[in-house]
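No lab work stands behind these numbers, since they all come straight from the coordinates. For clarity, every value in this text was computed on a predicted model and none was experimentally measured. For neighbour counting, all protein chains shown are included, and Cβ atoms are generated from backbone atoms with ideal geometry for every residue, glycine included.
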Amino acid sequence: MNDTEQTGESASKKPLLAIAAALGAKLNLADFQNAVPMLRELSINNDSADDEKELDLSIESTPAFLKTKQWHIDAVNAGQCCHITDLDVQLDGALLSRLTEAETATVSFVLRCRGEAGDELARLEQTVELLPRNQWGGLSHLPDMVAAFVQPNEPAVERVLKQTAEVLRKNSKNPALDGYKDGAKRAWELTSGIWSAVAAMGLDYALPPASFEHVGQKVRGPDQIAESGLATCLDLALLFCSAIEQAGLNPLLVFTKGHAFAGVWLKNEEFSTSVVDDITAL
């Protein structure tokens, strides 16, 4: 038998094993802090005619934003799919907090025969976009995570609310920031005062990136807005939401094509889910 025939015979005996995985396409510190799972699905498919036993499946990344993990698999029977239920992968929050620009990471899954020198049976590599802590991933990536960028405890929000109280006082209204205590009319007065306080900041508009509502953008926090005097529509909407929440009211963040703006419930109500798609909106 010549070398070519030996190679062909060897290839024909190689197990037809494949790894399938579903990962989040983007990841940032907010995902980590809110325990959003990075690994959503993981399985091994055995399309060969033989049972495969005593396997080790490992995961690692470059850069190392996750801790290397290994799963021990007793067997994957012929023609079967083994679904792995333990999807808990430990992330490096310190690395995510240090990022200042987006970075592409590679996640590698390797399936081997058990043992120190186990042969590699299958490999899968996927990419994940690591985002800096101040970058929102857009509606295409966990849209409800935009709530993590509402920051009611920022010092700049406190200054907005102090100015709100002054606006109310000058207009012979109660300066207390008392939420829904006196009903819908009072909620409207508070929100109007917040609007006037933000308008008095003399902010200039900054044009957001194209299609920001889908692909995301870097977000200026309330303190950065106050310091720079610049804000996109999303920055401003988040500032309003922060102030509205700190005043004891329930804010809304609304996205339309190319735009974002804030709203408020005039009654002490809120949506039953964090994200609602309005297919009737134009």
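For Asp74 and Ala210, what is the calculated FRET efficiency with R₀ set at 51 Å and r taken between the beta-carbons, to the nearest 0.05? Walk me through the intermediate numbers first.
On the way: r = 51 Å, r/R0 = 1.00.
The computed FRET efficiency comes out at 0.50.
Can you say what percent of the DSSP beta bridges in segment 23-162, counting only those with both residues inside, are antiparallel? Round to 5.
Details: 30 of 32 bridges.
Antiparallel bridges make up about 95 percent of those DSSP assigns within segment 23-162.
What is the log10 of I(q)/I(0) for the chain, computed with the Debye formula using one identical point scatterer on each Cα and no solvent, at q = 0.10, 0.11 Å⁻¹?
-0.68, -0.76
Under a 5 Å amide H to amide H cut-off, with H placed in plane at 1.01 Å, what residues pair with Lys26 once short-range neighbours are removed?
When sequence neighbours closer than 5 places are left aside, the close amide H contacts are Glu129.
Run the dipole for the chain about the Cα centre, Lys and Arg Cβ at +1, Asp and Glu Cβ at -1, nothing else charged, and hand back the magnitude in debye, nearest 20. It would help to have the intermediate numbers written out before the result.
Values: 24 positive and 40 negative charges, 343 e Å.
Magnitude of the dipole: close to 1640 debye.
Would you please report the Å³ per residue occupied by the convex hull of the alpha carbon atoms in segment 130-265?
Working: hull volume 13.7 nm³, N = 136.
Spelled out: Cα convex hull of segment 130-265, divided by residues, is 101 Å³.
Work out Dmax and Rg for segment 19-106 from the C-alpha atoms and quote the Rg first, both in angstrom.
Spelled out, the Cα radius of gyration and Dmax of segment 19-106 are 15.4, 50 Å.
Mind listing the phi-derived Karplus ³J(HN,Hα) values for segment 56-73, rounded to whole Hz, using 6.51, -1.76 and 1.60 with θ = phi - 60°, and x for any glycine or proline?
Couplings: 10, 10, 10, 10, 8, 9, 9, x, 7, 7, 10, 7, 4, 9, 10, 10, 9, 10 Hz.
Tell me, what ³J(HN,Hα) does each residue in segment 228-241 have, in order and in whole Hz, if you take phi through Karplus 6.51 cos²θ - 1.76 cosθ + 1.60 with θ = phi - 60° and put x for Gly and Pro?
8, x, 10, 6, 7, 4, 5, 4, 5, 4, 5, 4, 4, 4
Give me the lysines in straight-line cross-link reach of Lys67: C-alpha distance below 25 Å, same-chain residues under 8 apart excluded.
By straight Cα distance, Lys67 reaches Lys26.
Return the calculated 222 nm mean residue ellipticity for the chain, to the nearest 500 deg cm²/dmol, obtained by summing -39500 (n - 2.57) across DSSP H runs with n ≥ 4 and dividing by the residue count.
Working: 8 runs with 80 residues, N = 282.
About -8500 deg cm²/dmol.
Angle between the Cα long axis of helix 183-199 and the longest principal axis of the chain, 0 to 90 degrees, nearest 10?
On a 0 to 90 degree scale, this one is about 80.
Can you list the residues, at least 5 places off or on another chain, whose amide H is less than 5 Å from the amide H of Lys69, using H built in the peptide plane?
Ile59
Evaluate Rg over Rh across segment 214-282, taking Cα atoms for both radii and Kirkwood's formula for Rh.
Numbers: Rg = 13.1 Å, Rh = 13.3 Å.
When Rh is taken as the Kirkwood radius, the ratio is 0.99.
Taking θ as phi - 60°, what are the ³J(HN,Hα) couplings along segment 154-169 by the Karplus curve (6.51, -1.76, 1.60), each to the nearest whole Hz, with x for Gly and Pro?
5, x, 5, 5, 4, 5, 4, 5, 5, 5, 4, 4, 5, 4, 5, 4
Residues with beta-carbon under 9 Å from that of Gly138, excluding Gly138: net charge, scoring Lys, Arg +1 and Asp, Glu -1? Before the final figure, lay out each step's value.
Numbers: positive: Lys26; negative: Glu213.
Local net charge: 0.
Excluding residues fewer than 8 places away in the same chain, name every one of the lysines whose C-alpha is closer than 19 Å to that of Lys257.
Lys218
Among Gln163, Thr127, Asn174, whose Cα lies farthest out toward the positive end of the dipole of segment 120-186, if unit charges sit on the beta carbon of Lys, Arg (+1) and Asp, Glu (-1)?
Projecting each Cα onto the dipole axis, the largest value belongs to Asn174.
Can you bin segment 76-150 into rounded, prolate or oblate? Criterion: square roots of the alpha carbon gyration tensor eigenvalues sorted a ≥ b ≥ c, rounded for a/c under 1.5, prolate for a/b above b/c, oblate for the rest. Walk me through the intermediate numbers first.
On the way: a/c = 2.94, a/b = 2.04, b/c = 1.44.
Judged from the Cα gyration tensor, segment 76-150 comes out prolate (a/c at least 1.5, a/b above b/c).
Starting from the eigenvalues of the Cα gyration tensor, five times each then square-rooted, give me the equivalent ellipsoid semi-axes of segment 39-84, largest first, whole Å. Write out the running numbers ahead of the final one.
Numbers: eigenvalues 119, 24, 13 Å².
They are 24, 11, 8 Å, listed largest first.
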